[in-house]
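J.: Have a look at this one.
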Amino acid sequence: MIAITGASGQLGQALTECCTHHGMDFVGLSRADLDITDAAAVKNFFFKHPCDCIFNCAAYTQVDAAEDNPGEACLVNSFAPWNLARTSIPVIHISTDYVFDGSNSTPYTVENAPRPLSAYGLSKRMGETSLLEGAFRGVIVRTAWTYSARSGTKNFFHTMRKLFKERSSIGVVNDQFGTPTLAEDLAQALLDLYLMKQHLKPMHVLHYTNAGLATWFEFAQAIARLSNANCTVKPITTSEFPTKAHRPAYSVLSLQAIEELGIKPRSWLDALESIFKNKTAHV
Ligand SMILES: NC(=O)c1ccc[n+]([C@@H]2O[C@H](COP(=O)([O-])OP(=O)(O)OC[C@H]3O[C@@H](n4cnc5c(N)ncnc54)[C@H](OP(=O)(O)O)[C@@H]3O)[C@@H](O)[C@H]2O)c1
């Protein structure tokens with residue numbers, strides 16, 4: 001049996017559905033089922049329910065709020081992954097492009113040195129080191145700009161679609177480069193890694209996003225076009241849209257390592273278009 005923490009979150013829901021679709025034996029755990037920061041609860045749960053892999057989709061994901069709550073972010077994003085891994089069960093853990101500072105102009109490889117700019121990025125990097133330095137088994141999968149059309153999820157896709165209905169024009173940042181990534185594609189890749197037994201290897205890092213790159217403005221424009229939105233999307237700079245947390249100006253992740261394993265992500269635009277073509281996919 002496999003366990004999915006953070007099962008009611010955006011990625012957790014996608015992975016739960018993916019596991020159901022593939023007939024996997026799994027247990028989905030929301031925060032109410034298992035608070036991963038609770039050491040005694042984690043130990044007790046996995047003693048009673050032996051699993052052969054934990055997919056850790058739980059995280060503190062509020063990038064700006066983490067600036068005011070670094071302790072809570074670190075508890076969930078760095079102590080808790082270590083807490084899961086010390087059960088001795090292999091962990092497939094999710095991390096982020098925000099561990100990088102954005103000074104690269106070519107995609108970040110798994111060998112590039114992280115240098116987080118934000119409290120959130122730091123907390124996620126600390127989670128990575130807690131796993132990498134603990135002699136555990138598993139994989140840290142860094143991803144980026146994740147979204148889903150699934151109702152009840154919170155992400156840029158839904159924010160834009162709401163704003164398109166409320167406003168005749170909006171400004172969207174056009175000087176941050178990354179890769180929009182469909183949560184359902186990421187979920188399938190995580191399951192593929194498990195099925196190829198990647199989680200049994202010593203803890204290591206891989207990157208998974210959809211392929212290509214875009215700015216937030218380009219991503220918003222594509223969502224507007226596909227939604228037939230009656231709203232003008234205008235490019236603005238990061239300085240015109242100040243946020244509490246610093247975000248990397250360039251956080252495109254190299255997919256070379258995961259592609260060498262045979263996992264070939266489709267382009268971000270193909271993934272986005274697919275949710276409009278396939279109306280069953282939650283649009
Ligand atoms: N979203 C992105 O753009 C993005 C980009 C790069 C990397 N990532 C990474 O991708 C992973 C999945 O993110 P997501 O987008 O699915 O985020 P999400 O929708 O915010 O889901 C996170 C889930 O974690 C749960 N959680 C928080 N604290 C917990 C705790 N102490 N114990 C158990 N569960 C807890 C949350 O429960 P509550 O709802 O009850 O708080 C929520 O269901 C995270 O590791 C994130 O850092 C996300």
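The values are calculated or read from the model by the stated rules, or taken from the named source; none is laboratory data. Because the structure is a prediction, the values reported are computed rather than measured. Neighbour counts are summed over all protein chains in view; Cβ atoms, including those assigned to glycine, are modelled from backbone coordinates with ideal geometry.
J.: Return the residue satisfying two criteria in turn: it lies in the range 101-137 and is within 25 Å of Gln188 (Cα to Cα) and aromatic (Phe, Trp, Tyr), and of such residues it is nearest to the ligand (Cβ to nearest atom).
T.: Ranking the qualifying residues of the range 101-137, first place goes to Tyr108.
J.: Right, here's the next one. Return a yes/no flag: does the range 276-283 have any residue that is at pLDDT 95 or above and more than 28 Å from Leu117 (Cα to Cα).
T.: To start, the set of residues in the range 276-283 that are at pLDDT 95 or above comprises 276.
Going one step further and asking which of them are more than 28 Å from Leu117 (Cα to Cα), we end up with 276.
Yes: the range 276-283 contains one or more residues that are at pLDDT 95 or above and more than 28 Å from Leu117 (Cα to Cα).
J.: Quick test of your reading of the structure: Ser148 fulfils all but one of (1) within 13 Å of the ligand (Cβ to nearest atom); (2) surrounded by fewer than 21 Cβ atoms within 10 Å (Cβ to Cβ). Name the failing condition by number.
T.: (2)
J.: Right, here's the next one. For the range 143-196, give me each residue that is aromatic (Phe, Trp, Tyr) and not in a helix (DSSP H, G or I). Outline the logic, then answer.
T.: First pass over the range 143-196, keeping only residues aromatic (Phe, Trp, Tyr): 145, 147, 156-157, 164, 177, 194.
If the condition is that a residue be aromatic (Phe, Trp, Tyr) and not in a helix (DSSP H, G or I), then Trp145, Tyr147, Phe177 are the ones that fit.
J.: Looking only at helices (runs of 4 or more DSSP H) that fall completely inside the range 206-283, which ones have 2 or more residues that are free of Cβ contacts under 8 Å to residues at least 12 places away in the same chain and surrounded by 15 or more Cβ atoms within 10 Å (Cβ to Cβ)?
T.: Working: elements: 216-226, 256-260, 268-277.
It comes to none.
J.: Kindly list, by first and then second residue, each pair from a residue in the range 116-143 that is modelled with pLDDT of 95 or more to a residue that is acidic (Asp, Glu), limited to pairs with Cβ atoms under 6 Å and residues at least 6 apart or on different chains.
T.: Leu117/Asp101; Ala119/Glu67; Ile140/Glu128
J.: Can you tell me how many residues in the range 162-187 are away from the ligand (no atom under 15 Å from the Cβ) and closer than 19 Å to Asn210 by Cβ? If you could, list the steps in order and put the result at the bottom.
T.: Kept after step one, since they are away from the ligand (no atom under 15 Å from the Cβ), are these residues of the range 162-187: 162-172, 174-175.
This time we only want the ones that are closer than 19 Å to Asn210 by Cβ, so: 172.
Count: 1.
J.: Of Val139, Val99, which residue is within 13 Å of His207 (Cβ to Cβ) and touching a His at 6+ places or on another chain (Cβ under 7 Å)? Show your work before the answer.
T.: Numbers: Val99 fails: touching a His at 6+ places or on another chain (Cβ under 7 Å).
Checking each option against the conditions leaves just Val139.
J.: Within the range 1-29, how many residues are more than 16 Å from the ligand (Cβ to nearest atom) and free of Cβ contacts under 8 Å to residues at least 24 places away in the same chain?
T.: 3
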